[in-house]
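These notes concern the structure reproduced below.
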Amino acid sequence: MQTIEAHSGWVLSVSFSPNGKSLASGGEDSTVKLWNLETTEAQILNGHLDIVISVSFSPDGKILASASNDRTVKLWKVADGTLLQTLEGHSGWVNSISFSPDGKTLASASEDNTLKLWNLDLDLDDLIRLGCDWLTNYLATHPEEEEIRKICQHG
């Protein structure tokens, strides 16, 4: 077992790269860290203004998405840590993100009771808003049908 001192506050999310050589983490310190698992060295990706709740690699491993309580999703170039795009549109914290299996769509879920599907293949427009009474911070991708599903809990 290996332990890495990762963030100055809570570590809220982790995601392995598709090739298994890197690990991304998001934390209470508002940073995203991209870890080389062989050396345990990290590249710090700054840009969020509040805690980072979710991180997710694209299926090809070239893009890392991060979601934050600052109401944004950021897309980072994994090769060098460059900020590629900031996706804005949620009116509440962004709790969870997930790429479609083909990497052309990114889903984001927010405490504003919406799910947004961002078309990354075109111009990063907000395609669909879906809401429910209470949206959990979990998104699932159904691999056979390449559908993004939202999971709502009513109670």
Looking at this structure, is Val14 surrounded by fewer than 20 Cβ atoms within 10 Å (Cβ to Cβ) and not in a loop (DSSP other than H, G, I, E, B)? yes
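Restricting the search to the range 38-65, which residues are in contact (Cβ under 8 Å) with a residue 12 or more places away in the chain and of a type in the set (S, T, N, Q)?
Pass one, the range 38-65, residues in contact (Cβ under 8 Å) with a residue 12 or more places away in the chain: 38, 40, 42-65.
Once the filter is applied, which keeps residues that are in contact (Cβ under 8 Å) with a residue 12 or more places away in the chain and of a type in the set (S, T, N, Q), the range 38-65 yields Thr40, Gln43, Asn46, Ser54, Ser56, Ser58.
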Which numbered condition in (1) assigned to a loop (DSSP other than H, G, I, E, B); (2) modelled with pLDDT of 95 or more is the only one that Val55 fails? (1)
Please determine whether any residue of the range 94-116 is among the basic types (Lys, Arg) and either surrounded by 19 or more Cβ atoms within 10 Å (Cβ to Cβ) or part of a strand (DSSP E or B) (or both). yes
Test set (1) modelled with pLDDT of 90 or more; (2) in a strand (DSSP E or B); (3) among the hydroxyl-bearing types (Ser, Thr, Tyr) - Thr141 fails condition number: (1)
The lone condition Ser25 fails out of (1) closer than 24 Å to Trp93 by Cβ; (2) exposed (fewer than 14 other Cβ atoms within 10 Å of the Cβ); (3) polar (S, T, N, Q) is (2)
Out of curiosity, is Ser91 polar (S, T, N, Q), farther than 14 Å from Leu120 by Cα and either in a strand (DSSP E or B) or at pLDDT 95 or above (or both)? no
Flagged pairs (Cβ under 9 angstrom, 6 or more apart or on separate chains; first in the range 75-96, over 28 Å from Asn113 (Cβ atoms); second basic (Lys, Arg) and surrounded by fewer than 21 Cβ atoms within 10 Å (Cβ to Cβ)) are Lys77/Lys62; Val78/Lys62; Ala79/Lys62
If we scan the range 58-71, do we find a residue that is at pLDDT 95 or above, under 17 Å from Val32 (Cβ atoms), of a type in the set (Asp, Glu) and not in a strand (DSSP E or B)? yes
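For the range 2-25, state whether one or more residues are within 22 Å of Asn119 (Cα to Cα) and within 14 Å of the chain's Cα centre (by Cα). Walk me through how you get there before you give the answer.
Narrowing the range 2-25 to residues within 22 Å of Asn119 (Cα to Cα): 15, 17-18.
Going one step further and asking which of them are within 14 Å of the chain's Cα centre (by Cα), we end up with 15, 17.
Scanning the range 2-25 turns up at least one residue that is within 22 Å of Asn119 (Cα to Cα) and within 14 Å of the chain's Cα centre (by Cα).
The values are calculated or read from the model by the stated rules, or taken from the named source; none is laboratory data. Keep in mind it's a predicted model, so treat the numbers as computed, not measured. For neighbour counting, all protein chains shown are included, and Cβ atoms are generated from backbone atoms with ideal geometry for every residue, glycine included.
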